[in-house]
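The structure appears right after this line, and notes come after that.
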Amino acid sequence: MNKMDHHNAFSTAAIRKAMAELETKPGPKNKDGETGIEMSRLAIQTASRLSQENYSPRMIVGTLRLVEFALLAITGFAVYALYVGMSRDVTLLYYGPAILTGSSLAVLLIQIADGYQVPALRTALKTLPKVLTAWAVAFALIALAAFFLQYSLAFSRVWFAAWFITGAVSLLICRNIVAYGIRRWARNGVMERRAVIVGGGEIAKALIRAIEQDPDNDIRICGFFDDRDERRSPPMVAGYPKLGNIDSLMTFARMARIDMLIIALPLNAESRVLELLKKLWILPLDIRLAAHANKLRFRPRAYSYVGAVPMLDIFDRPITDWDSVAKRIFDIFFSLLAIALLWPVMVGAAIAIKLDSKGPVLFKQKRHGFNNEVVEVYKFRSMFTDQCDPTARAAVSKGDPRVTRVGRFIRKTSIDELPQFFNVLRGNLSLVGPRPHAVVAATHDRLFAEVVDGYFARHRVKPGVTGWAQINGWRGEIDNDEKIKQRTACDLYYIENWSLLFDLKILFLTPIRLFNTEHAY
């Protein structure tokens, strides 16, 4: 049984048994709490099995680079401390720069030698000569630099030799541990990219076979979806099951943790491809168009590859891998800073709310989060307890009698939003992102998704405490279609142009723009 056989969600016998039943049942409740698109029992079982997060190969490789740099640097300083003895002046002038430079060079040279490719990490002993050569070259460059800078006499030769040996042993041990872990994770389906194929028939079969022929690819095919009947798209393709039609794919992608959608349709089926993309682009996934079966060929740089299969990149999932790590660190740091600075304001608001009206200080409301998941957002209570509206079906308007005296002030100044810093620490929200709207939020009795085409695309990233729409004046009551259209346009612009600097700009502009309270009541 080859590697891709292990990647099947179920054994072939189990798939055939489930498909033989040909039973469908209503899918789980959708994000509005209503019954969603019908899904086959097999699709529901598969989505349930794929509901846990997986490890991104890119994240693992990036972490390994940091670990190996730290290992080499620590061994260098340890040998220095044990043999030479710590001296502040000597450390700063000579040994410290040499250790940090040598460790950085080693990681860079291992990268150049393809030592951080996943196939290389699986077979540590085969790639060990490349790794040790990179380590030796890094040492040679450090020695050469010391010679030309006339610093060579400042270094202990014993330290040089001992650091080289201990560094090599550390790399050997680390690489073997990582190789064992990667092989184990690959068997258990932990380190993989999960893919769903859109389209069936011979094109999908050729795609699957092409992916299976590459023993080192990290793709796990979870099944395929197709609107065509069984004559043109059979229920089983290359051992993988048909899980449903395109509408059920939307529900499936909300339930399962999927990384990629691969469209297996010919480029000349232009209208069908465009129709699919119009539905699928709102999902927080990488969307690729398989180009293996097309005679038309573009420049090599136009393609990305899954194994050896050329793909045209249609949409990329925003804020992934190390970008998501950087954004999470950003969120935690600035949220803790804000809480440390604003805790007197929050305590004062809590006391004022308690003195002004009966009821709890905090108010929780269900709102749409990342990938349409429902999250509970914290706010300071600004309405009378018996008139609170957890569903936000009736938006707050100017002079609304449900709002308390203190509530009017904290809503105008956005103090009511301060508890959301704790949502950020919990991971429900980001500090900057599209503002989370209530699950049944509407304008003139029309849900926002009915007003704006592609509205749910704003949920491809975590919602935020503040956002680009608020900076541009789209804050407060949404009482007409134009306001939600403009908000969504700003949110999509933010997603497509995200960077940490952009987040920082929005964060520092937020207090300034809060002075505009025209639409906040």
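The values are calculated or read from the model by the stated rules, or taken from the named source; none is laboratory data. In this text the structure is predicted, and so the values were computed from the model without any measurement. Counting neighbours? That spans all protein chains shown, and the Cβs are built from the backbone with ideal geometry, glycine included.
Data table
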quantity: Some residue of region 318-335 being in contact with a Lys or Arg (Cβ under 6 Å, 6 or more places away or on another chain) and in a helix (DSSP H, G or I); calculated: yes
quantity: Tally, over region 217-233, of residues that are part of a loop (DSSP other than H, G, I, E, B), surrounded by 13 or more Cβ atoms within 10 Å (Cβ to Cβ) and more than 22 Å from the chain's Cα centre (by Cα); calculated: 4
quantity: Residue that is modelled with the lowest pLDDT [pool: residues in region 172-204 that are of a type in the set (Lys, Arg) and surrounded by fewer than 17 Cβ atoms within 10 Å (Cβ to Cβ)]; calculated: ARG187
quantity: Leading residue by the ranking (modelled with the lowest pLDDT) among those in region 470-518 that are under 18 Å from ILE410 (Cα atoms) and part of a helix (DSSP H, G or I); calculated: ARG513
quantity: Qualifying residue in region 372-386 (condition: closer than 30 Å to ILE262 by Cβ and touching a helix residue (DSSP H, G or I) at 6+ places or on another chain (Cβ under 6 Å)); calculated: yes
quantity: ARG435 being assigned by TED's automatic domain parsing to the domain that holds GLU373, at pLDDT below 85, part of a loop (DSSP other than H, G, I, E, B) and of a type in the set (Lys, Arg); calculated: no
quantity: Residue in region 156-165 that is at pLDDT 80 or above and within 30 Å of ARG288 (Cα to Cα) present; calculated: no
quantity: Selection status of GLU482, in the same structural domain as VAL432 (by TED's automatic domain parsing) and either of a type in the set (Gly, Ala, Ser) or under 22 Å from ASP321 (Cα atoms) (or both); calculated: no
quantity: Flag if VAL375 is of a type outside the set (Gly, Ala, Ser), at pLDDT 85 or above and touching a His at 6+ places or on another chain (Cβ under 9 Å); calculated: yes
quantity: Check on ARG402, in the same structural domain as ASP356 (by TED's automatic domain parsing), under 16 Å from LYS364 (Cα atoms) and at pLDDT 75 or above; calculated: no
quantity: Near pairs, Cβ below 8 angstrom, 6+ apart or cross-chain, from region 112-123 (outside the structural domain of VAL137 (by TED's automatic domain parsing) and farther than 16 Å from THR63 by Cβ) to any residue that is aliphatic (A, V, I, L, M) and surrounded by fewer than 17 Cβ atoms within 10 Å (Cβ to Cβ); calculated: none
quantity: Residue within region 1-13 that is over 30 Å from ARG254 (Cα atoms), modelled with pLDDT of 50 or more and not in a helix (DSSP H, G or I) present; calculated: no
quantity: Scope region 362-377; condition in a loop (DSSP other than H, G, I, E, B) and surrounded by 15 or more Cβ atoms within 10 Å (Cβ to Cβ); matching residues; calculated: GLY369
